[in-house]
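Notes for the one structure printed next.
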Amino acid sequence: MKKDICAYTYEQLQEEVQVLGEPKFRARQIYEWLHVKLVDDFSEMRNLPKNFRMRLQEQYQILPVIMLERQESHLDGTNKFLFRLYDDNMVESVLMRYHHGNSVCISSQAGCRMGCKFCASGIDGLERNLSASEMLGQVYQIQKIMGERVSNVVVMGTGEPLDNYQNLLIFLKILSGEHGLHISQRSITVSTCGIIPKMYELAQEHLQITLALSLHGSTQEKRRRLMPVADAYGLEELLKACDNYFQETGRRITFEYSLIHGVNDTQEDVQELVSILKPRNCHLNLIPVNPVKERNFIRPDSKNAQNFKNKLEKNGINVTIRREMGADIDGACGQLRRRYIQT
Ligand code: SAH
């Protein structure tokens, strides 16, 4: 297979062009075509000599991320995209429009092997990891298709980003690097189900990104029933890893909690959550569960969700209910992709 040129960092590309016997400034030119002008083909790199472009074409490739479908919400302008990759795997991404700018949610894997009980993405298991360039490609294509600047990126689509750690790191560095789109690290969020060793590794990178931790259960036992990953990584150790991330980076953790009627929205859960979150400098995001047709979880009505939030707030917890975006387009994450796989 030809080499994946979009997955080279700026510094790596400089070394690469020198090995090809070209001056270093060629790296800047190529990098700008790939990561600022967002071209899909070497033939568009007009300031490179033709024979050099041909040599690049022979040895490297720009991996395709091709839009198959786009759904637009009439309610709030949210757009959902389905992209096809070189091997016919498909991934979903979402563009959400907020006052503070456009936020894109990308997938980090085709499928997922974490098996969370309420999630549609894991039903068929993991197909493969996405390369850094395929993660970038989702952002780049959306920016090009919509003709609007993307200012925030969340890695909250299909897949477990810390299960694809090396590629995730390259992705983060290229996305936030000054020679590329230069998206501020503070405008990037990575969400994990809690792969503890990788959380420690990520903390050591001292990036300014936000780490979101999918909590979903208020005790080890409750969490284990919803998230198989909790068998390997217990709650107590997980919270220590969160504290370490905060200590190393100064970035407070966002905890995510999918509210499921009768499962994790009881008075007891309020108390357990308070004891977990109160001592910590953190934020809690409640997500009324998106019903997935293969699963029979029920979302609490908005009054109950509001009640749950109020009780936490009274106890001094910093909490929000996630605003539902694109309610009229294809349900929970992962379901657009699944509809395609099945047909
Ligand atoms: N693997 C990462 C990213 C996954 S998706 C993680 O686990 O964090 C982003 C968030 O959506 C996670 O908190 C995930 O648990 C949650 N989620 C998945 N399916 C959901 C559903 N049907 N309803 C509500 N939230 C869901």
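The values are calculated or read from the model by the stated rules, or taken from the named source; none is laboratory data. Please read all numbers here as calculations on a predicted model, not as lab measurements. When we count neighbours, we look across all protein chains shown, and the Cβ atoms used for this are built from the backbone with ideal geometry, even at glycine.
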**Asked** Quick check: anything in the range 213-225 surrounded by fewer than 22 Cβ atoms within 10 Å (Cβ to Cβ), modelled with pLDDT of 95 or more and out of contact with any helix residue (DSSP H, G or I) (no Cβ under 8 Å at 6 or more places or on another chain)?
**Response** yes
**Complete:** Pro279: passes all of (1) under 23 Å from Ala241 (Cβ atoms); (2) surrounded by 12 or more Cβ atoms within 10 Å (Cβ to Cβ); (3) more than 16 Å from the ligand (Cβ to nearest atom) but (2)
**Message:** It is to be established whether one or more residues within the range 245-261 are under 17 Å from Ala212 (Cβ atoms), charged (D, E, K, R), assigned to a helix (DSSP H, G or I) and in contact (Cβ under 8 Å) with a residue 12 or more places away in the chain.
**Reply:** yes
**Request:** Give the residue, chosen from Val263, Val270, Val229, that is away from the ligand (no atom under 13 Å from the Cβ), more than 30 Å from Met67 (Cβ to Cβ) and modelled with pLDDT of 95 or more.
**Result:** Val270
**Residues of the range 154-173 classified as part of a helix (DSSP H, G or I) and either over 14 Å from Gln208 (Cα atoms) or within 10 Å of the ligand (Cβ to nearest atom) (or both), total** = 10
**Asked** Identify, please: which residue in the range 137-159 is more than 18 Å from Met67 (Cβ to Cβ) and in contact with a Gly (Cβ under 9 Å, 6 or more places away or on another chain) and is, among those, surrounded by the fewest Cβ atoms within 10 Å (Cβ to Cβ)?
**Response** Arg149
**Asked** If you scan the range 286-320, which residues turn out to be over 23 Å from Met227 (Cα atoms) and either of a type in the set (S, T, N, Q) or within 15 Å of the ligand (Cβ to nearest atom) (or both)?
**Response** Ser302, Asn304, Gln306, Asn307, Asn310, Asn315, Asn318
